[in-house]
Amino acid sequence: MKNEQRNRSWNHLRLSVVLCTLVVFSGSLNSPLRAGTSNSLMDISADGRLLACSNRDSGTVTIVDLGTHTKLYEVAVGTKPEGVTFLGDSHRLAVAVYGDDCIVCLDGDSGKSFGRCDVFDEPYGIVSDPSGEQLYVTLDYPGQLLTIDVDSLQVTQTFQGKNFLRGVALSPAEGRVYLAEYYTSKIIAVDLATSTVADEWTGASTDNLARQLVLSPRREKLYVPHMRSRVTSVHGQGSIFPYISVIDTPVGEDSRRKRIPMDSFGGNRVTANPWEIAVAPDGRTLYAVFSGTNDMFVCDILDDNYRELAPKKLIQVGANPRAVRVAPNGETVYVYNALDFNVVAYDTAKLIPIVNIQVTNNPLSPQVLTGKKLFYSALQPMVGRRWISCSSCHPDGDSDGRTWHNAEGLRNTQSFAGMAWTHPIHWSADRNEVQDFEHTIRGPLMQGRGLVQGNIHESLGKANAGLSATLDALAAYSNSHKFPLSPYAKSGLSEAAKRGRDVFFSEESQCNTCHSGPFFCDSQPRATKEIVRHDVGTGESDPSETMGPAYDTPTLLGVYRTAPYLHHGKAASLEDVLTTSNHDDRHGKTSHLKPEQIADLVEYLKALPYEDPEPIAKAAGLTKVER
């Protein structure tokens, strides 16, 4: 059966190549050439009649009639939907539901679901082949590309890349899928006939957060929005930069990757946090939206193989723009403003807004919405020079995968998941409330005016909560993030994980001494000012450390996807944490463990959390920070 599905997959691919070749010959006569399809949070049907938009906060997909610019349906699909794509030339579509680990298929004409395909974890990017019979899906974790047969809704092919793949673009004529690594912005070309790497383009070591890539419809070019995270800089104007990389896809090109800085692209207008781009059907205009400064650059695409892009106009859009798509006729460009919960259509000739479409209602409380807008903002009063926002290092409350050279020493970026239950904050436990980050907002990193009128209290001193409604709102959003369940325990703990659990809780290993309770962490909100830190020997391996060598205990929940580990990020794997990075058994007693016991312990750690920790915490009388 698997062989039959695989053969059918490649037959469909061959048909796609033929169809694409026909389009090449007919495109100049009938319609603009379309060489590939890229992932986006928004898509437009091939006939230009329907628009589909995924609403992450609402857990829905909205379908809009573009003839009347009215909302037809809003369909609940699950937790945190991300990429959406129409299937070939049809009005059927598929959405990657990131939080529920599944692909949901919908009929755009009826608003009804017609199927679901469960996947391992975190589907993000999704595109359809021209026939609408195959889907290509990236799994952010564990870095896989899946081929899914639409008729059977079964996975027919799996390509294993490195962890964290998001962007995906399909080129049927080449028989290739292009992929973007999220934390490195490395681009990988996968040959679909062999499921092997055909080519790759490595960026600079500072390149970061590439969640999308777009093929040119008329040239052998690929465009990638991403950031540069310079971890050795602690000032806002030097640490985070916005880029679009231009990739030359032919083999043998001398200059195969160019990085176009967006921070001073149009008259030194600084922009922050590029999220998505779109290329017009004729391949001559590029649109880029920036989620931190609420901007859209309209750029002329140059044929000089040098500058590549020239600024045409800068447009102020809505709050937190996360998607942009151009209509098939090239006359309208649509921008999805995620925190205004709308899609705004712009006339591409006049570059003015022509209609506002409310795609979903705000599902957040007024306080959390205010806080989320501040969190994503690279504008005053949060930021003085527009380069950086809170989300630059913590997109959607996650980590940026970086270890920063801060004034206090090396600091590996942590996720916000469960933070409300695990105060104090930071590896150094030098903040006992989110409101203490008013110091960061006013400091050299962000250089903002701040959210409090007047003076603020020192960190770990008198509470800053209650001094400002907007600062409390920022704290409420920051404390709202929850843990997803581990994909390694969907069917319960494996036998290896059960053996590892016994090792973890044994008196001999002492892992549970510090990593205790439902959050596997001895840091928790306390009425007293008591701060608990531990010296586990890791501070000695960082000569730049100024606050250690004792550190806050991080939670182990979700540890399967947060490598590298420890405050300095020098442990590349969980095995390293337990072995090469645990000198003299100061970080638990592990030197006596046999290799198979280490392997079992790693399997247990990867399975955390296998149940929701919050009900357990509440039953134990623990409390979380509410704001």
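The values are calculated or read from the model by the stated rules, or taken from the named source; none is laboratory data. Fair warning: this is a prediction, and the values are worked out from it, not measured in the lab. We place every Cβ from the backbone using ideal geometry, glycine too, and count neighbours over all the protein chains shown.
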Pick from Leu379, Leu374, Leu410: which is farther than 30 Å from Gly67 by Cβ, surrounded by fewer than 20 Cβ atoms within 10 Å (Cβ to Cβ), of a type in the set (A, V, I, L, M) and not assigned by TED's automatic domain parsing to the domain that holds His69? Leu379
How many residues of region 194-247 are among the hydroxyl-bearing types (Ser, Thr, Tyr), over 21 Å from Ala378 (Cα atoms) and surrounded by fewer than 19 Cβ atoms within 10 Å (Cβ to Cβ)? The answer is 5
What is the residue count in region 285-316 for residues that are assigned to a strand (DSSP E or B), polar (S, T, N, Q) and more than 29 Å from Gly384 (Cα to Cα)? 1
Can you name the residue in region 360-389 that is under 20 Å from Gly448 (Cβ atoms), of a type in the set (Val, Ile, Thr) and not in a helix (DSSP H, G or I) and, of all such residues, is nearest to the chain's Cα centre (by Cα)? Ile388
Can you tell me which of (1) at pLDDT below 95; (2) surrounded by 20 or more Cβ atoms within 10 Å (Cβ to Cβ); (3) assigned to a helix (DSSP H, G or I) is the one Val625 doesn't meet? (3)
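When region 599-622 is examined, which residues are found to be assigned to a loop (DSSP other than H, G, I, E, B) and in contact (Cβ under 8 Å) with a residue 60 or more places away in the chain? Before you say what the answer is, go through the steps one by one.
Taking region 599-622 first, the residues assigned to a loop (DSSP other than H, G, I, E, B) are 607-612, 620-622.
Once the filter is applied, which keeps residues that are assigned to a loop (DSSP other than H, G, I, E, B) and in contact (Cβ under 8 Å) with a residue 60 or more places away in the chain, region 599-622 yields Ala607, Leu608, Pro609, Tyr610, Glu611, Asp612, Ala620, Leu622.
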Within region 473-487, the residues that are surrounded by 21 or more Cβ atoms within 10 Å (Cβ to Cβ) and in a helix (DSSP H, G or I) are Ala473, Leu474, Ala475, Ala476, Tyr477, Ser478
Would region 390-400 turn up any residue that is more than 21 Å from Pro554 (Cα to Cα), assigned to a helix (DSSP H, G or I) and of a type outside the set (Ser, Thr, Tyr)? no
Which residues, counting only those in region 547-573, are touching a Phe, Trp or Tyr at 6+ places or on another chain (Cβ under 7 Å) and assigned to a helix (DSSP H, G or I)? Tyr560, Arg561
Test Val298 against the stated conditions and say whether it is touching a strand residue (DSSP E or B) at 6+ places or on another chain (Cβ under 8 Å), within 27 Å of Glu74 (Cβ to Cβ), at pLDDT 95 or above and aliphatic (A, V, I, L, M). no
Just give me the residues in region 25-48 being surrounded by fewer than 18 Cβ atoms within 10 Å (Cβ to Cβ), modelled with pLDDT of 95 or more and either polar (S, T, N, Q) or under 15 Å from Val343 (Cβ atoms) (or both), in sequence order. Gly48
Quick one: which strands (runs of 3 or more DSSP E) sit completely within region 178-284 and have at least 1 residues that are more than 30 Å from Trp404 (Cβ to Cβ) and of a type in the set (Val, Ile, Thr)? 187-191, 196-201, 274-279
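Anything in region 165-177 that is buried (at least 24 other Cβ atoms within 10 Å of the Cβ) and either assigned by TED's automatic domain parsing to the domain that holds Arg561 or assigned to a loop (DSSP other than H, G, I, E, B) (or both)? List them, or say none. If you could, list the steps in order and put the result at the bottom.
Filtering region 165-177 for residues buried (at least 24 other Cβ atoms within 10 Å of the Cβ) gives 165-170, 172, 177.
Matches in region 165-177: Pro172 only.
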Return the only residue of Glu530, Glu596 being surrounded by fewer than 19 Cβ atoms within 10 Å (Cβ to Cβ) and assigned to a helix (DSSP H, G or I). Glu596
Would it be correct to say that Ala272 is surrounded by fewer than 15 Cβ atoms within 10 Å (Cβ to Cβ) and among the hydrophobic types (A, V, I, L, M, F, W, C)? no
With the requirement that a residue be loosely packed, with under 14 Cβ neighbours inside 10 Å, more than 12 Å from Gly266 (Cα to Cα) and not polar (S, T, N, Q), what does region 301-317 give you? Leu302, Asp303, Asp304, Tyr306, Arg307
Out of the residues in region 443-452 that are of a type outside the set (A, V, I, L, M) and modelled with pLDDT of 95 or more, which is surrounded by the fewest Cβ atoms within 10 Å (Cβ to Cβ)? Arg449
Any pair with Cβ under 6 angstrom, 6 or more apart, that starts in region 347-359 at a residue that is under 22 Å from Lys312 (Cα atoms) and assigned by TED's automatic domain parsing to the domain that holds Val61 and ends at one that is of a type in the set (A, V, I, L, M, F, W, C) and loosely packed, with under 13 Cβ neighbours inside 10 Å: Asp347/Ile354
Exactly one of these conditions fails for Lys162: (1) within 27 Å of Leu209 (Cβ to Cβ); (2) modelled with pLDDT of 95 or more. Give me its number. (2)
Give region 145-158 a look and list any residue that's surrounded by 22 or more Cβ atoms within 10 Å (Cβ to Cβ) and of a type outside the set (A, V, I, L, M), or say none. Thr147
Just to be sure I understand the filter: pairs with C-beta atoms under 7 Å, separated by 6 or more residues or on different chains, first member in region 571-589 and touching a residue at least 12 places away in the same chain (Cβ under 8 Å), second member charged (D, E, K, R) and surrounded by fewer than 20 Cβ atoms within 10 Å (Cβ to Cβ). Which pairs pass? Ser581/Lys570; Lys589/Glu508
Could you check Thr184 against (1) touching an Asp or Glu at 6+ places or on another chain (Cβ under 8 Å); (2) closer than 25 Å to Asp43 by Cβ; (3) surrounded by 18 or more Cβ atoms within 10 Å (Cβ to Cβ) and say which number it fails? (2)
Any residue in region 534-559 that is within 30 Å of Asp121 (Cα to Cα) and in the same structural domain as Glu611 (by TED's automatic domain parsing) sitting within a Cβ distance under 8 Å of a residue that is in a helix (DSSP H, G or I) and not aromatic (Phe, Trp, Tyr)? List the pairs, counting only those 6 or more apart or interchain. Leu556/Leu605; Leu557/Pro613; Val559/Leu574; Val559/Leu605; Val559/Lys606
